[in-house]
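Trainee: Structure in structure tokens, see below.
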Amino acid sequence: MAGIALAMAGMLAPLRATRSESVFSKILFHFHILHNKKGVSPSPLKLGINMLPPAYNSIRAKMLCSNAQKLEAGMQTKRKIRRCGAWVTGFIITVLFCAGCSVEQTNRTKISDLDYTIVAENEIPEELLADIEEKKAADFKMTYKDDAFLYIVRGYGEQETGGYSICMQEVYLTSNAIIFDTELIGPRKGETISKSPSYPYIVVKVELRDENVVFE
């Protein structure tokens with residue numbers, strides 16, 4: 001058995017590190033046949049494998065490393081393809097959304113003036129008045145509907161003093177919208193005003209309609 005192991009070592013020693021793994025596989029195969037002919041237990045084969053030179057182990061390690069690098073490169077390529085596909089899908093959705101918005105552009109061409117009434121504070125519906133109280137500290141725009149009217153509200157937020165008023169410029173109807181235009185007017189020069197902060201807003205009501213309100 002020792003002679004066989006030495007013969008095996010002699011066969012492997014001249015091999016160069018650059019030979020492929022298949023060369024060693026063939027040698028081990030013939031070694032296995034030799035043992036079977038002599039009726040020897042195949043256990044020496046394990047001994048032969050353990051006696052393989054370091055060059056064989058180096059080749060095997062390089063092959064395993066190369067396979068791992070190829071696998072990692074393939075996984076990275078798949079991840080890049082998935083990211084690219086997600087980006088393209090998002091881009092298409094954005095384009096379609098914008099295209100849909102452009103179809104519904106507001107027409108500002110006046111068809112007719114719209115009759116309106118400025119609503120006193122004590123006539124504002126309670127629910128609407130509560131919403132105004134919550135929002136009045138900041139600039140805001142809102143609408144409210146009941147069974148008979150559409151209420152349009154424009155607030156200009158907190159002002160440092162009193163003396164402010166709101167001028168109605170116009171309220172008119174287009175083919176697909178109601179245009180609502182107001183202007184904040186400051187205190188007149190020399191006017192006696194309150195030094196306390198004020199929260200100017202205006203509420204108007206028009207007949208109940210379904211068009212969107214555009215604040216100018």
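Trainee: Once amide H atoms are placed 1.01 Å from N in the peptide plane, what residues at a sequence separation of 5 or more from Tyr172, or on another chain, have their amide H within under 5 Å of its amide H?
Mentor: Placed amide hydrogens put Leu114, Ile179 under 5 Å from Tyr172.
Trainee: Would you please give the FRET efficiency between Asp147 and Leu173, computed as 1/(1 + (r/R0)^6) with r the Cβ-Cβ distance and R0 = 22 Å, to the nearest 0.05?
Mentor: Working: r = 21 Å, r/R0 = 0.96.
E(calc), rounded to 0.05, equals 0.55.
Trainee: Work out the FRET efficiency for Leu208 and Arg188 from their Cβ-Cβ distance, taking R0 = 25 Å, and round it to the nearest 0.05.
Mentor: After rounding to 0.05, the efficiency reads 0.10.
Trainee: Amide H neighbours of Phe140 under 5 Å, counting only residues 5+ apart in sequence or on other chains, H built in-plane at 1.01 Å?
Mentor: Sorted by chain and number, the residues that satisfy this are Gly155, Tyr156, Gly157.
Trainee: Counting other beta carbons within 10 Å of each residue's own, what order do Leu114, Leu184 fall into, fewest first?
Mentor: Listing Leu114, Leu184 from fewest to most nearby Cβ atoms yields Leu184, Leu114.
Trainee: Go through segment 148-163 residue by residue and turn each phi into a ³J(HN,Hα) via Karplus (6.51, -1.76, 1.60, θ = phi - 60°); whole Hz please, and just put x for glycine and proline.
Mentor: Whole-Hz 3J(HN,Hα) from phi for segment 148-163: 10, 9, 9, 9, 10, 10, 10, x, 10, x, 6, 10, 5, 9, x, x.
Trainee: Across segment 130-139, in residue order, what do the Karplus-derived ³J(HN,Hα) couplings come to in whole Hz, using 6.51 cos²θ - 1.76 cosθ + 1.60 with θ = phi - 60° and x for Gly and Pro?
Mentor: 5, 5, 5, 4, 6, 9, 5, 6, 10, 4
Trainee: For Thr182, what residues show an amide H to amide H distance below 5 Å, using hydrogens built from the backbone and excluding near sequence neighbours?
Mentor: Those lying under 5 Å, H to H, from Thr182 are Gln169, Glu216.
Trainee: Which ³J(HN,Hα) values in Hz, rounded to whole numbers, follow from the phi angles of segment 185-199 under the Karplus curve 6.51 cos²θ - 1.76 cosθ + 1.60, where θ = phi - 60° and Gly and Pro get x?
Mentor: 10, x, x, 6, 4, x, 6, 7, 10, 6, 7, 7, x, 10, 9
Trainee: Starting from the Cα of Glu121, step 7 Å toward the Cβ, then list every residue of segment 137-153 with an amide N under 12 Å from that point.
Mentor: none
Each reported figure results from applying straightforward, stated rules to the coordinates on display, with no laboratory input. Note that the coordinates shown come from a computational prediction; the quantities given were computed from them, not determined experimentally. Cβ: placed from backbone, ideal geometry, glycine included. Neighbour counts: every protein chain shown.
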